[in-house]
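Below is one structure, written out as structure tokens, with a few remarks after it.
The values are calculated or read from the model by the stated rules, or taken from the named source; none is laboratory data. Source: prediction; values computed, not measured. Every residue, glycine among them, receives a Cβ derived from its backbone with ideal geometry; neighbour counts consider all protein chains shown.
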Amino acid sequence: MVSPSASNSLVGHIPDLRRYARSLTGDTWAADDLVQDTLERACERWQLWAAGSDLRAWLFTLMHNLFVDTARRAIRQQAGQRVDVDDVAHELQSPAGVPDQAMDLQRCLLRLPPEQREVLLLVTLQDLGYEEAARITGVPIGTVMSRLSRARARLRDLMDGRASAAAPASPALRRLK
Amino acid sequence: MNEDSQLLPDDEAELHAYVDGRLDAAQRRSVEHRLAHDADAAERVRAWKQQRHALRTLHPEMLLEPVPAHLLQAALQLHERSSRFAQWQRWGGMAAAVLLAFGLGWGGNMQYQGMRARSAVTPAVLSFANQAVKAHAVYLPEVRHPVEVEAAQQQHLVQWLSKRLNRQLKVPNLSPAGYELVGGRLLPGDAGARAQFMYQNAAGERVTLYVGAVESPSAKGMDETSFRFTTEGGIASFYWVDQGFGYALAGKLPRQGLLVLAESVYKQL
């Protein structure tokens, strides 16, 4: 029997889901769409959720599945017309008042392959354990570790400006296979 | 793709676990020993730690701004489904918690006021709120001794203050909103001892939660109030009384931001 607690509260999770989605998609509107889709899917599949298990983990799992679907669709649509993140960087600008460093970080994050970005954000932003990140993304823990390692190395290169020279036209949206 | 299938060497996996705080004390010491002799690994760890901190503090505004109405609407639907489902399950566990949290949190605008007893604010309650703000103002700028007992000794802190206030206290967890517990202290109040818990975010901004018994004017008096808001000298405070016990959350935050935190506190008590 699980006692009522804030960690189980639905509304209490929304700010957390929004922040994660915002960091994942780099865009406020896309983030809120993703959160809304997540809540709707939760609504459709409520019976599949084992009452008493971790509500937050379940919501993040649903969000992961939706995010992957969206990323795949985007790739199919982009098949003919590849978009470089740098070309659309002006659309990714954060609102005024956001420190430059955070904007750079967000922009570099978007240049990581989606599956690496996801693992990195689950482990850092959400402070989840590796096993939990593995359950949410539906991959073995070894895969989580190697994605995490690649994400960290690549993000570091991007932030230091080393990767832009090495891969000037890396189409970030094309990277999920 | 199958770069993913290559397993990470154990010694590198260990460095990640170190940065992410997933090691026990003995493992940490062993990694630290290794880092002292491996400049290359030490440099990577330093960069990853910095990166982790930057990621942890990405988009903090999303945690404090009000949830958009269409998302609350979607949550309401989910809640309705779940509560119907829960009736079969005789309100088993979680679903009831979802309902409870929903009832309390919906709209982020104190819709639940109607659910709670509305009552006149007595002088004792006003005095309580005033003392909470004063205590906040006194300890807010304190650098060396912001608290008497630090968060590291949370169990002791809770036991001690519960004993002094003659009531089992709970320390709400505000870390999802970015505020970590600093610790707590004991303070004098009108009706005996009061306690103050202090929280701080990554930017060093502090909020305090002030709790304690509030005297009731009559035997069957109003021992409950709705959520109330006050500002005094730039310090905003939400306060309420529940079963004769007062709570006041104070900080130099915009009203909406403080409300999110106050709701979170309320839900956890």
Which numbered condition residue B:45 misses (of (1) over 30 Å from residue A:152 (Cβ atoms); (2) at pLDDT 95 or above; (3) among the β-branched types (Val, Ile, Thr)): (1)
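Let's see how each residue does on (1) modelled with pLDDT of 90 or more; (2) at positive phi; (3) not in a helix (DSSP H, G or I):
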site	(1), (2), (3)
A:80	no, no, yes
A:96	no, no, yes
A:108	yes, no, no
A:115	yes, no, no
A:127	yes, yes, yes
A:134	yes, no, no
A:143	yes, no, no
A:148	yes, no, no
A:152	yes, no, no
query: Just checking, how many residues over the stretch B:3-56 are small (Gly, Ala, Ser) and more than 10 Å from chain A (Cβ to nearest Cβ)?
result: 7
- prompt: What tally of residues in the stretch B:150-178 results from selecting those that are part of a loop (DSSP other than H, G, I, E, B) and out of contact with any helix residue (DSSP H, G or I) (no Cβ under 7 Å at 6 or more places or on another chain)?
  reply: 2
query: Taking only pairs six or more apart or across chains, which ones have beta-carbon atoms under 7 Å, a first residue in the stretch B:176-202 that is among the hydroxyl-bearing types (Ser, Thr, Tyr), and a second residue that is in a strand (DSSP E or B) and surrounded by fewer than 22 Cβ atoms within 10 Å (Cβ to Cβ)?
result: B:179/B:200; B:199/B:180; B:199/B:181; B:199/B:182; B:199/B:206
field: Hits in the stretch B:188-199 (condition: part of a strand (DSSP E or B) and surrounded by fewer than 20 Cβ atoms within 10 Å (Cβ to Cβ))
entry: B:188, B:192, B:193
query: Can you tell me how many residues in the stretch B:125-151 are crowded, with 17+ Cβ neighbours inside 10 Å, of a type outside the set (Val, Ile, Thr) and touching a residue at least 40 places away in the same chain (Cβ under 8 Å)?
result: 9
field: Top-ranked residue of the stretch B:48-78 - restricted to ones that are buried (at least 19 other Cβ atoms within 10 Å of the Cβ) and farther than 27 Å from residue B:201 by Cβ, ranked as modelled with the highest pLDDT
entry: B:74
- request: Taking only the stretch B:152-175 into account, find how many residues are free of Cβ contacts under 8 Å to residues at least 12 places away in the same chain and within 14 Å of chain A (Cβ to nearest Cβ).
  value: 1
- request: Those residues that are touching a Gly at 6+ places or on another chain (Cβ under 8 Å) and under 14 Å from residue B:196 (Cα atoms), I need them from the stretch B:155-174; list them, please.
  value: B:157, B:161, B:165, B:171
